[in-house]
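Some notes on the structure that comes next.
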Amino acid sequence: MSNFIQNLSTLMHEYLNIPKDIASKIFFSILVLAIWQSFAIVFKSIVYRSIKDLPKRYLATKTTNYILRILALIAFFNIWIGFGGEIFAFLGLLSAGIAIALRDPLVNLAGWIFIIISKPFSVGDRIEIGGIKGDVIDIRTSQISLLEIGNWIAADQSSGRIIHIPNGWFLTKSLANYTQRFDFIWNEIPVLITFESDWAKAKSILSEIAKNHQTISEVDAKTSVHKASGDLLIYYKNLTSIVWTSIEPSGVQLTLRFLCKAREKRSTANKIFEDILKSFNHESDIEFAYPTQRLYYKE
């Protein structure tokens, strides 16, 4: 093997005018690269055959890739620089240049470390940051990828776009997580009826509709909140649906507030709206209101 490397180095020196020591380093670098890619392909094939659960497969693939990259980086470093005493002087000069030239990549790397250690979200969570909302589908050392929801699409449904967000954002911007600790959110549906309508009957109908479409039981919701309260100061006095009453310029507004799963916001609201339309259609003393203006003339 050593004779082969010496002969190759001699050929590269004679025909390409490359110093022999540099030629041997190039050879070993190519060898490390080939081994790295071969192991990556083999491990990926093993993971795909042995792990059927998608989240576990994703985690195993990512972990394997990170380990192989670190090992390859150590090998390249040893080939080109070595681990002798001169390394400290080199690292001192290198760090100064990196701090200036690679500010953004370093910030993104720091953001990735923050995500890995603090775990403000995980793959599969629904989050919002910087006005962008979506489901986390990938976490990398420099950026995360979101399957976007909202934007021109109403009611938090998928737009079909993939948004890449630099990890540095998570060090400076506020982050909202829809699904961390418990997978439910509060939703509200306002229903405006005329002043002449029987608002008490309408309120009773809305309460009954909310009970029929309650996808999360109060017991399950309280259990989730209780578990989360061990680490976070979360307190809800009431976790059942409720209808609030208020007076608006055009009528009486009844606001139905209820719990729903974060990814079922639109489908749940759709079912509730349809039941409201059907129920109110059978009531002669309940009418929907719309913006109106009334004029009174004094004789």
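Just the number, please: Stokes-Einstein D of region 193-299 in µm²/s, Kirkwood Rh from C-alpha pairs, 25 °C, 0.890 mPa s.
Value of D from the Cα-based Kirkwood radius: 152 µm²/s.
A cut-off of 5 Å between modelled amide H atoms, ignoring neighbours fewer than 5 places along the same chain, links Ile144 with Ile165, Asn167. Charge dipole of region 190-290 (Cα centre as origin; +1 on each Lys and Arg Cβ, -1 on each Asp and Glu Cβ, all else neutral): 580 debye, rounded to the nearest 20. Phi angles of region 69-80 translate, via the Karplus equation with coefficients 6.51, -1.76, 1.60 and θ = phi - 60°, into HN-Hα couplings of 5, 5, 4, 5, 5, 5, 5, 4, 4, 5, 5, 8 Hz per residue; Gly and Pro are given as x. Residue-normalised convex hull volume from the C-alpha trace of region 119-177: 74 Å³ per residue. Working from label points 7 Å from Cα in the Cα-to-Cβ sense, the Ile22 to Thr63 distance is 4.2 nm.
The convex hull of the Cα atoms of region 173-226, projected and averaged over all directions, covers 6.0 nm².
Per-residue Cβ neighbour counts within 10 Å put Ile41, Ile185 in the sequence Ile41, Ile185, beginning with the fewest.
Computed over neighbours whose Cβ is under 11 Å from that of Arg57, the net charge equals +4, Lys and Arg +1, Asp and Glu -1. Only one residue of Phe182, Gly251, Ser241 has its Cα farthest out toward the positive end of the dipole of region 167-298, where Lys and Arg carry +1 and Asp and Glu -1 on Cβ, and that residue is Phe182.
Rounded to whole numbers, the Karplus 3J(HN,Hα) couplings from phi for region 249-263 are x, 9, x, 9, 9, 10, 9, 8, 10, 8, 8, 8, 5, 4, 8 Hz, using 6.51 cos²θ - 1.76 cosθ + 1.60 with θ = phi - 60°, and x at Gly and Pro. With Cα atoms defining each centre, region 142-188 and region 216-257 are spaced 23 Å apart in the structure. Using only side-chain charges placed at the Cβ, +1 for Lys and Arg and -1 for Asp and Glu, the dipole size of region 119-177 relative to its Cα centre rounds to 140 debye. Between Ala200 and Thr292, the contour length at 0.36 nm per residue exceeds the alpha carbon distance by 30.9 nm. Here the Karplus curve 6.51 cos²θ - 1.76 cosθ + 1.60, taken at θ = phi - 60°, turns the phi angles of region 192-199 into couplings of 9, 10, 6, 5, 7, 6, 7, 5 Hz, with x standing for Gly and Pro.
Rg over Rh for region 134-211 works out to 1.20, using Cα positions for both radii and the Kirkwood form for Rh.
What is the calculated FRET efficiency for Asn177 to His282, with r their C-beta to C-beta distance and R₀ = 51 Å, to the nearest 0.05? Using R0 = 51 Å, I get an efficiency of 0.75.
The numbers here are math on the coordinates, done by the rules we state, and not lab data. Because the structure is a prediction, the values reported are computed rather than measured. Neighbour counts are summed over all protein chains in view; Cβ atoms, including those assigned to glycine, are modelled from backbone coordinates with ideal geometry.
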